[in-house]
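Just below is one structure, and these are the notes that go with it.
The values are calculated or read from the model by the stated rules, or taken from the named source; none is laboratory data. None of these values were measured; they are calculated from a predicted model. With ideal geometry, Cβ positions are generated from the backbone for all residues, glycine too; neighbour counts draw on all protein chains shown.
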Amino acid sequence: MTDRLRPVWTLEEANTFLAYVRRDRLYVLWRLLVVTGLRRGELAGLKWVEFDPMTGTIRIIRQRVVEGEDSAVREKRPKSSNSIRSVMLDRETAAMLGRMRPVGGSPYMFSDQTNMPLRPDNITDRFNKLSAAAGVRQIGPHQIRHMLVSSLLEPHRRTPTTRKPTHSSTGDKQRTTPPITSETRRSAGPPVLARRVSG
């Protein structure tokens, strides 16, 4: 497989993964990843103040990134201005967040066992280990963003794949999935995808 062609999960694989991690301490994080396609840094940077249980939305305003020779984690604004957004959750995921919301403790939605915010690279490592244990492909959390579009907008493809985006001025006309735009996020959003996963 070339560097330009990377796999994405089928819905069957997503369901298998979510069923396997049901009892994992970070299950709600994995469910959010699958049904929203949030970046790993956005998941790591989520704070409880950005969750509105009344509307069932989360506000994405930061990401945690690994940078530099010392692999330090730094907090930044999201990748682009369009990445600052509100994400509507399905009812079940919103209810799960509401039940796990702590009184006191870490301001971050997801933390490690020492109550420190998660490192994005640790999210990837854990995701791939759980994927292997669940018997599904180890594609990395970033490719889940493409599954969101592939599975909903191209439901009849047997083996969804996506080409790595390029920065060419002419664009990649051979891309196998449509680019993730604000409009595709709205049409292929969490409430729709959540009805197709059983985790």
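Going through region 4-36 one residue at a time, which ones are among the acidic types (Asp, Glu) and either in contact (Cβ under 8 Å) with a residue 60 or more places away in the chain or closer than 16 Å to residue 92 by Cα (or both)?
First, pick out the residues of region 4-36 that are among the acidic types (Asp, Glu): 12-13, 24.
13, 24 - these are the residues of region 4-36 that are among the acidic types (Asp, Glu) and either in contact (Cβ under 8 Å) with a residue 60 or more places away in the chain or closer than 16 Å to residue 92 by Cα (or both).
So which of 134, 95 ends up being surrounded by fewer than 18 Cβ atoms within 10 Å (Cβ to Cβ) and closer than 20 Å to residue 13 by Cα? Full working, then the answer.
Details: 95 fails: closer than 20 Å to residue 13 by Cα.
Testing whether each residue is surrounded by fewer than 18 Cβ atoms within 10 Å (Cβ to Cβ) and closer than 20 Å to residue 13 by Cα leaves just 134.
Yes/no matrix, rows are residues, columns are (1) under 14 Å from residue 29 (Cα atoms); (2) surrounded by 13 or more Cβ atoms within 10 Å (Cβ to Cβ):
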position: 45; (1), (2): yes, yes
position: 50; (1), (2): no, yes
position: 65; (1), (2): no, yes
position: 72; (1), (2): no, no
position: 78; (1), (2): no, yes
position: 82; (1), (2): no, no
position: 108; (1), (2): yes, yes
position: 117; (1), (2): yes, yes
position: 143; (1), (2): no, yes
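Considering each of 74, 59, 6 in turn, give the residue that is in a strand (DSSP E or B), more than 26 Å from residue 105 (Cα to Cα), in contact with a Lys or Arg (Cβ under 8 Å, 6 or more places away or on another chain) and not small (Gly, Ala, Ser).
On the way: 74 fails: more than 26 Å from residue 105 (Cα to Cα); 59 fails: more than 26 Å from residue 105 (Cα to Cα).
Just one listed residue meets the conditions, 6.
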Counting only residues that are among the basic types (Lys, Arg) and more than 17 Å from residue 54 (Cα to Cα), how many does region 86-133 have?
3
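Evaluate the following for residue 41: is it modelled with pLDDT under 95, of a type outside the set (D, E, K, R) and either in a helix (DSSP H, G or I) or touching a Ser or Thr at 6+ places or on another chain (Cβ under 9 Å) (or both)?
On the way: modelled with pLDDT under 95: no; of a type outside the set (D, E, K, R): yes; either in a helix (DSSP H, G or I) or touching a Ser or Thr at 6+ places or on another chain (Cβ under 9 Å) (or both): yes.
Judged against the criteria, residue 41 is not a match.
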Quick check on region 84-98. Is at least one of its residues farther than 15 Å from residue 37 by Cβ and assigned to a loop (DSSP other than H, G, I, E, B)?
yes
Which pairs have Cβ atoms under 8 Å, sit 6 or more apart or on different chains, and link a residue in region 102-115 that is part of a strand (DSSP E or B) to one that is surrounded by 13 or more Cβ atoms within 10 Å (Cβ to Cβ) and of a type outside the set (A, V, I, L, M, F, W, C)?
108/45; 108/47; 108/117; 111/117
